[in-house]
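Student: Let me give you the structure first, and then I'll get to my questions.
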Amino acid sequence: MPDTPEILHISATNAVEPISSNEKPSFKIDQRVHIAGDPRRTGTVKYIGPVEGYSGIWVGVDWDNCDGKHDGSLNGIRYFMAHGEKSGSFVRPQNLSGGISLLDALNFRYRGNSTKEEEDEMYVLSARNNRVAIQLVGKDKLQEKLNRFEELLGVSLSYLGISSTGSPQQIKAAVPNLKLLDLTGNLLTEWKDVGAICEELAALEVLNLSNNVMTHDITDLPLLKNIRILVLNNCGMTWDQVEILKHSLPAVEELHLMENNLRTIMPEPSAAGTYVEGFDLLRLLNLEDNCIDMWDEIVKFSQLRSLQQLHLNKNNLKHIFYPKCIPRCDSLTGNEMQGKGIKPFENLQCLLLGGNKIEDLESVDSLNFFPSLKDVRLSDNPVADPGKGGIPRFVSIARLAKVQILNGSEVSLRERKESEIRYVRLVLSKLQSDNPEEIKRLHPRFTELKELHGIEDEKPSAGKSGPQKMASGLLSITLKCVGASIGEKPPIIKKLPAATTVGKLKALCESFFKLKSIKPKLFLQEEGSPLPLLLDDEMASLTELGIGTGSTILVDEES
């Protein structure tokens, strides 16, 4: 017997648009739909018709979340091509919904009476990402206020199955003062509908269209002159579309384009060459969770004069650099102006590069050339992971002269000073060449920091005795037990030779804390770093690890 197509028995308890079993709504190819009663399960119609071996009409749906049964073929017959191996299924028409209008969703969300089950599901996320239940205090007064739509300044209509605007004039009459509109996860596809909504809502400044599959056809879009923040995460956007959109967004200050599979940036041809132009007021550009692997693509944004924040987390970047200045041209003659140039990324203050594939120190050092950069994220890159041969936090701070926030944590003046001193001593312990050019290439800030902090080359003096030399090389280290099996033991402060290795220190800890059958594991606790640094190289000395006086080492146990 052939496999049974997916037949869903839907409960209409929480349905936005309940459909009776007698209704047979008509659908069309490429229409966006959701399961009746579950607006969060969305997909695209790819087939309408019979399925061999089964009676009646079926709708072949390609589900967004790959929650299907097959790739569009059943029992050796291909009916459509799904985007994933298990993203397609066949559903009876009465179990699908083509969506509702924006006005219907507004009434449903803000004028409908919530059930006890729905109220139990209301929560916000705490700073630690835990669910915190919401208690509806003064519910009646709140409901009374929500019933007066004209007082609403912001509304969230996410995941309600909105597929059309309805009457734009009615939207304007209902919420004339709306400034923020969240339409995340609906069934919208047409830009003309977006334009109609924005034209009627004259006060609208923030629009979120995330998780709507927007058509590539952007024609006759009106001037969205009041939109300051536009969120288009996971909308299937291409940069060609963005180039068209920008002409309708003269006031946009934030543009979010996460999860759009963007790989290349294709600016419109212009006199500036291959640089993105326009976006005169754009302060924040969010390109996280895309597929960009070449920094040359990012350089195309270097002439956006207002750009202050560039979010590039979770791409595939392997190397970054600071581009050369671009000559300024005389506006009348078109000739290059002698000695004049446009500084790339002139006002960029925040650059988030976490979760990429950067592994070279030259990329880190290049950040010093960005004129205004002070907030940098490098976490989850090989270059910033000591476990993969990368550098610890204190080395990053020392190499980055102007950074004030690193990986989301503020760099205090004290942490900067201590990091730079530790870094200089670390380099001194490992220098294998006296060639200034070679030192400059490998450690661009070494000489500068050495002079800044008055650190001399640590060479033994002829007139000093052995014990005096030993004393001058002692480091005051705090040892703190954190292992569960070790028990509560007060921290101790020990003076140790700078040449003490990690292996030797482990043996000393066994003695200091009277650890019999427990093998210690050591971590360096660094100020400002969210996680302690594992000290796993038993041959490395305290000096080589940049550990200085005042450092804290955590003593854990081997698992």
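The values are calculated or read from the model by the stated rules, or taken from the named source; none is laboratory data. From a predicted model like this one, the values you see are computed outputs, not experimental measurements. Heads up, the Cβs are rebuilt from the backbone with ideal geometry, glycines too, and the neighbour counts pull from every protein chain shown. Keep in mind that these areas ignore ligands, DNA and RNA; they rest on the heavy atoms of the full protein, side chains included. Shrake-Rupley method; radii C 1.70, N 1.55, O 1.52, S 1.80 Å.
Student: State, to one decimal in nm, how far the label point of Asp434 lies from the label point of Ala251, with both points 7 Å from Cα in the Cβ direction.
Tutor: 6.7 nm
Student: Please work out how much length the chain gains when fully extended from Glu510 to Glu362, using 0.36 nm per residue of separation minus the C-alpha to C-alpha distance, in nm with one decimal. Walk me through the numbers before you get to the answer.
Tutor: Working: separation 148, 0.36 × 148 = 53.28 nm, distance 4.05 nm.
Additional length available on full extension: 49.2 nm.
Student: Let me ask something additional. Excluding Thr165 itself, calculate the net charge of residues whose Cβ lies under 12 Å from the Cβ of Thr165, where each Lys or Arg counts +1 and each Asp or Glu counts -1.
Tutor: Numbers: positive: Lys172, Lys192; negative: Asp104, Glu190, Asp193, Glu199, Glu200.
It works out to a net charge of -3.
Student: So, in nm, how far is label Ala203 from label Asp220 when the simple model puts each one 7 Å beyond its Cα toward the Cβ?
Tutor: 3.0 nm
Student: Given points 7 Å out from each Cα along the Cα-Cβ axis, report the Asp536 to Lys86 separation in nanometres with one decimal.
Tutor: Placing both labels 7 Å along Cα→Cβ, they lie 3.2 nm apart.
Student: Could you tally the net charge around Pro250, taking each other residue with its Cβ under 10 Å from the Cβ of Pro250, Lys/Arg +1 and Asp/Glu -1? Numbers along the way, then the final one.
Tutor: Numbers: positive: Lys225, Lys246; negative: Asp280.
Here the charged neighbours net out to +1.
Student: Something else now. So, with a 1.4 angstrom probe, what is the percent of accessible area on the stretch 197-238 that is carbon and sulfur?
Tutor: Values: 820 of 1750 Å².
After summing per-atom areas, the C and S share lands at 47 percent.
Student: Apply the Karplus parameterisation 6.51 cos²θ - 1.76 cosθ + 1.60, with θ equal to phi minus 60°, to every residue of the stretch 87-92 and state each ³J(HN,Hα) to the nearest whole Hz, in sequence, with x for glycine and proline.
Tutor: Listing the rounded values in order: 9, x, 7, 10, 9, 5 Hz.
Student: What percent does the relative contact order of the stretch 193-310 come to when contacts are Cα pairs within less than 8 Å and at least six residues apart? If you can, show how the numbers build up before the last one.
Tutor: Values: 220 pairs, mean separation 25.2, N = 118.
It rounds to 21 percent for the stretch 193-310.
Student: So if each residue of separation counts as 0.36 nm, and I subtract the Cα-Cα distance between Gln525 and Arg414, what length gain in nm does that give? Walk me through the numbers before you get to the answer.
Tutor: Details: separation 111, 0.36 × 111 = 39.96 nm, distance 1.53 nm.
Extra length available between Gln525 and Arg414 comes to 38.4 nm.
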